[in-house]
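This report refers to the structure that appears directly beneath it.
Every number in this text was worked out from the coordinates using simple rules, so none of it is lab data. What you see is a predicted model; the values in this text were computed from it and never measured. Glycine also receives a Cβ, built like all others from the backbone with ideal geometry; neighbour counts cover every protein chain displayed.
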Amino acid sequence: MPSNNWTKHIQKYLFLLKDDFFGLPYLSNSPQVMLDSLIKLPITNHKSLQQSVSSNNYFCKGIIRYREIEDGFWLLETDITIKENIIAKAIYDENQLRDYYILSFSVFKYKYPFKNLSDSIILSTCWTFYKPGTEVTTYFYKGTTGKFFNVAFNKEWANKNLSSNKFPQKEVIKNFLDTKKGFFTWLDIAPKAHGLAKIMSKNLETESEGKFNTVDLKKHSIKLIAEFFNNSFEDNRILDNVSLSNLDYYNVAKAEKMILHNLHLPFLGIESVASEVNTSPTKLKSNFKTVFGFSMLQYHKEKNMLLAMQLIQNPDIQIQNIATATGYESASKFTATFKERFGKLPSAFRNN
């Protein structure tokens, strides 16, 4: 879509309601193109000296702090509160270069509703990596709050900076950074990233207008990239480097939304999810594992266990209720699964 049609596109699709989610499209050719497209929105406020774009509207509230650290290398931190269900979608201007890779580290809190119980706040951490030209679709539920760190770099910058000894798998990384489309997600695979993110966030929020410590931000941003790549080889997805179509990525995003929306139930089944997504079970099964590194059943189980682990830490919620809330028919089956995943019984985990 040419950028000169952006205004018309926004008038048609900005916060358009579809399937209970309000649309939020944005251009993703490069950080500069993305920022320019956001600044043009009628709902945003741009402060050029502070290098920030903010918005507070009926659907969401947030601020993006951006820094062009050097040519071909950007850092963007986004704080966001979701007021209504939103579907964000990266689209591209076909007349401009698409040459930026995006590595995103995000930490979200969202309300998980319990029957006959008050809502609990659940923490979700993940990494995503997508290549130029990939139309990424992300669903956000009402009540979610969180922070993104998006590190964006082009191939020329990567060739100069990702070949040091900080990246033991540098040859594999180089092969991974080709021109094919690609979108991959990992769960909380790099514990040190949380500390790095706090340092970076503090720097961004305390910098004075027009005076930015880009040297320090570059150092910590590269450390964040290294933390990701040094912990992302547990499966073969980077080695396999599979590229799907944008429609396939969209269908996988819809499938994940269905899984997360139904964590309180037993797994829906591949056939049921594929039917709702309108694709074949075999294709969806393969594509989902390419993106997430888990089968749909494994992903449901892993998310359930991560949810249970956090709920266990709330002494006001009985273990029987946690078992029910995470889709288990009996407390004994839930307890056995929990011990298999974390090495402790739920009661022992809570006591410790």
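Of note:
- Rounded if a/c under 1.5, otherwise prolate or oblate - the stretch 1-60, Cα gyration tensor axes: oblate
- Compared with the dominant principal axis of the Cα atoms in the chain, helix 214-229 is inclined by about 40°.
- Loop-located GluC sites (Glu not before Pro) in the stretch 75-111 (DSSP state other than H, G, I, E, B) with a sparse environment of at most 13 neighbouring Cβ atoms within 10 Å: Glu94.
- The gain in end-to-end length when the Glu94 to Thr335 segment is fully stretched comes to 81.5 nm, 0.36 nm per residue minus the alpha carbon separation.
- A cut-off of 5 Å between modelled amide H atoms, ignoring neighbours fewer than 5 places along the same chain, links Asp93 with Ser28, Asn29.
- Normalising the average separation of contacting C-alpha pairs (under 8 angstrom, six or more residues apart) by the number of residues puts the relative contact order of the chain at 13 percent.
- What the phi angles of the stretch 243-255 give under the Karplus curve with 6.51, -1.76 and 1.60, with θ = phi - 60°, is a coupling list of 10, 10, 7, 4, 5, 4, 5, 5, 5, 5, 4, 5, 5 Hz, glycine and proline written as x.
- Counting 0.36 nm for each residue step from Leu14 to Glu276 and taking away their Cα separation leaves a gain of 91.8 nm.
- Excluding same-chain neighbours fewer than eight residues apart, the aspartates and glutamates reachable from Lys219 by a Cα-Cα span under 13 Å are Glu70, Glu227.
- Across q = 0.24 Å⁻¹, the stretch 191-259 modelled as identical point scatterers on its alpha-carbon atoms has Debye log10 I(q)/I(0) values of -0.98, in the order of the q list.
- Residue-wise HN-Hα couplings along the stretch 26-38, as the Karplus relation 6.51 cos²θ - 1.76 cosθ + 1.60 with θ = phi - 60° gives them from phi, are 8, 6, 10, 4, 7, x, 5, 5, 4, 4, 4, 5, 6 Hz; Gly and Pro carry x.
- Too-long pairs where the Cα-Cα distance tops 23 Å, listed order kept, from Lys83/Lys202; Lys12/Lys289; Lys254/Lys301; Lys170/Lys283; Lys111/Lys257; Lys174/Lys218: Lys83/Lys202; Lys12/Lys289; Lys170/Lys283
- Entry for percent of Cα pairs over 36 Å apart (calculated from the structure that is shown) out of [x] 22; [y] 17; [z] 9: [x]
- GNM result for the chain, Cα springs below 10 Å: residue of Ile43, Ile80, Ile225 fluctuating most strongly: Ile43
- Close amide H partners of Ser120, meaning residues 5 or more places away or on another chain with modelled amide H under 5 Å apart, are Tyr112, Phe114.
- Pairs of alpha carbons in the stretch 248-351 whose separation is greater than 15 Å (percent): 61 percent
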